[in-house]
Structures are given as structure tokens and as C-alpha cells.
1. What is the number of the single condition among (1) within 17 Å of the chain's Cα centre (by Cα); (2) more than 30 Å from Arg222 (Cβ to Cβ); (3) at pLDDT 90 or above that Ala242 does not meet?
2. In this structure, does Gly69 turn out to be open to solvent by less than 10 Å² (accessible area, probe 1.4 Å), among the small types (Gly, Ala, Ser) and on the phi > 0 side of the Ramachandran plot?
3. List every residue pair whose Cβ atoms sit under 7 Å apart, with the two residues 6 or more apart in sequence or on different chains, where the first one lies in segment 157-180 and is closer than 14 Å to Gly115 by Cβ and in contact (Cβ under 8 Å) with a residue 24 or more places away in the chain and the second, anywhere, is open to solvent by 60 Å² or more (accessible area, probe 1.4 Å) and of a type outside the set (Gly, Ala, Ser).
4. Do you know which residues across segment 240-254 are closer than 27 Å to Ile191 by Cα and open to solvent by less than 90 Å² (accessible area, probe 1.4 Å)?
5. Give the residue that is most open to solvent (accessible area, probe 1.4 Å), with candidates limited to residues of segment 72-100 that are among the aromatic types (Phe, Trp, Tyr) and in contact with a His (Cβ under 9 Å, 6 or more places away or on another chain).
6. Do you know which residues across segment 40-66 are open to solvent by less than 40 Å² (accessible area, probe 1.4 Å) and of a type in the set (D, E, K, R)?
7. Tell me which residues, restricted to segment 207-222, are free of Cβ contacts under 8 Å to residues at least 40 places away in the same chain and either in contact with a Lys or Arg (Cβ under 7 Å, 6 or more places away or on another chain) or in a strand (DSSP E or B) (or both).
8. Name the residues in segment 209-226 that are closer than 26 Å to Phe167 by Cβ and open to solvent by 20 Å² or more (accessible area, probe 1.4 Å), would you?
Amino acid sequence: QEGSPMLLFRVASAAAAPSSSTTTIPHLPVRYEPLISLEHVNINAGGTWTEQLSRFWFSVMGGADDPRGAVVCSQVQAAGGPMQGLHWANFGLQQFHLPVGEPEDSVQVVRGEVGLAYTTEELAALQRRLEDASATHAVGADGSLRITCPVGNRLRAVEWAGAETWFGPKLLLDPREERPLPGGPSRGLGIQYVRFDVPEGAAAGICRFYLRLFGATAEVGREGRRPVCVVRLGHHQSLQFAEALPGEPPVRRYDGHHVALYTNDFAAVYERSREAGLVWNNPRFPHLRYDSLAHALRHSEFRLKDLTDPARTPSPSHTPTAPPLTRSATLTRTRASSSTRSSTRCVP
């Protein structure tokens, strides 16, 4: 619906790939089960990849250029998908997925901001690189850097005050001891949060959605008069859904951007999503369908397109009986091994 909060999810688990007959999925012992990690944010970056995009994401922001993006793009193209190019910019164990050449919504802008964490030294170095590149940014009163990417997404770079760690399913993942993702080490520690602007009155229903569907730790807090739903992920991350206040401009139209989360409860989340009529097949990826749990397990993922309030849709049904609080596409991935991560991508 126009003006409704929208989310795109990809739900996945990381470990050895399972067969379609897998029925037992191991769990990782993390503080906030079953959502254990925010894995990536997907934003379409325009019609073609440019030197400006490369310079911003890799030279200025300090991301690592992950070669797997090109492999995934080739797979999508071979299946008949419209994607013309794909870069992955890694920050710690998280990524920005940056497709180009998509015929619909070729430029996507998160309705909110993405928070990135840096060490004290790296944050100071980032500020110098932003100034040298004349990149659009401002320094906040708290020392954080508010940055706008070349296609208009808002980023906030913050100082990480705790022990130096990447963000993931363990309390401490020392970058000096852990193996980086393909592409080599990055300058940032990872994506700490994604904050979404949502319409007035949506926060409580979004919290109920995460609690009912994922069993997640989700609660509504307040920033002054503004209600904010905060969904905890793993040890250090969160999704935040901040309501518009009366008199503020309406929330922009949803354009298909999304986030990916890992969950420890893949099969149960899939079944609850299917019973609620929320599992979605994204036409951008014609080779990936999630019509049954066996399909989802084969791909180690599934997607949701709508976030609905369980209080307004009390009975599971293949057709949601209430309009979505937010439009969402969720991809859930499952892998059977002793260290399984599941990821969900959320797009308001």
C-alpha cells in the first residue's frame, strides 16, 4: 500500500549445504535466538557500475570488493534474470549488495539509514578520506559521521567503544585472528543497525510480527515522542523501525531495497510464514522458488514480501486478512551442519 512501511527479507542459514530431505537444523548458541545476525543490505545502484561507485564504497568507505558478487550475477543472468551487474561491498562479516541494470527501481534508497561501526582510528581515517574525496557528509555532535552515498542512501558511521570485534553469531570475533570474507579485510567492523522510517502507528505491529514469526526479542521504545520498534539480532546488531510523528512528511514509496538476516529457527519460521501466506518468490530470481519447505531447504533460503500485524491477522491463512504494515521479501537459507546461521532481509 502507498505510504505503508515495507520490508524485504531474505532469511538464510550458513553451514554446509543440505539436501532437500534435511529435517534437523542445528542451532548456534547466541544471546538473542533465533535471529542471530544481520548479513546484508541490498540497494540497486543505478543503470551501470561507475568509477564513482567504486571509489565511494571501496576507497572512501573502506569496504572490500567481494568477487562472489560477479558469480551470483552470472547465475541470475543464466536463469533469465534482468540483473546486469553486481558488486558486494564487505564490511566485517556484513555486506552491501549493489546490483545495477535492474529494469524496475534501478536506484533504491533505504527509507532511513544504515549504521556502520569503525574503531576510533578507522573512524578518524574515514573522515579524512571523506574530506579528501569531497563526499557528502556531516560530523554529528557525538562524533559520528552522517554520509550520503552516490545514489542517495544515508549512512551513519559510529565509533565502536567495545572490544574490537566483527558482528556475528559470537560475542567476540577478533578481526586480527578471524579469516575475512573473500575480497580481503575491510576498514569497518560491520553493519551495526538498519533504521527504517515507518508510518505512524506501525511500530507495535512490527514488533508483534517479529515476535510471532521469528520468536525474536522485539520491543517498542521511545525517542522523545517517537515510538521505535527495536529488534535485537545476535550480540551487537538491531533493526529499528521509527514511526513518523504527526505533521512530518509521509513515508516515501517503498522501492524494493532489502536486508538479509540469519535465523536459528529456519524450518519453523518457514512454516509459520507459509501458513500466513507470506512466502514470496521474487521474479528477479527466476531460478529460486520457495513453494514448499523442501524447496526452501534446497536453496537454504526463502523470502517474505509483506509484514503483517498478527493482532490484525489472528488466524493462519494462505491469504493475509489485513493489509501489510510493511512490504517485505524474505529469503531464508538453511544448511545442515554444526554451525548454522539463518538470515532474513528486511526492507521497509
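1. (2) is the only condition that Ala242 fails.
2. Numbers: open to solvent by less than 10 Å² (accessible area, probe 1.4 Å): yes; among the small types (Gly, Ala, Ser): yes; on the phi > 0 side of the Ramachandran plot: no.
Criteria not met by Gly69.
3. Glu159/Thr120
4. Gln240, Phe241, Ala242, Glu243, Ala244, Leu245, Val251, Tyr254
5. Looking at residues that are among the aromatic types (Phe, Trp, Tyr) and in contact with a His (Cβ under 9 Å, 6 or more places away or on another chain), I get Trp88.
6. Matches in segment 40-66: Asp66 only.
7. Matches in segment 207-222: Ala218, Glu219, Val220, Gly221, Arg222.
8. Leu211, Arg212, Gly215, Thr217, Ala218, Glu219, Val220, Gly221, Arg222, Glu223, Arg226
The values are calculated or read from the model by the stated rules, or taken from the named source; none is laboratory data. What you see is a predicted model; the values in this text were computed from it and never measured. Note that we place each Cβ from the backbone using ideal geometry, even for glycine, and neighbour counts take in every protein chain shown. Note: areas computed on protein heavy atoms with side chains; ligands, DNA, RNA excluded. Shrake-Rupley method; radii C 1.70, N 1.55, O 1.52, S 1.80 Å.
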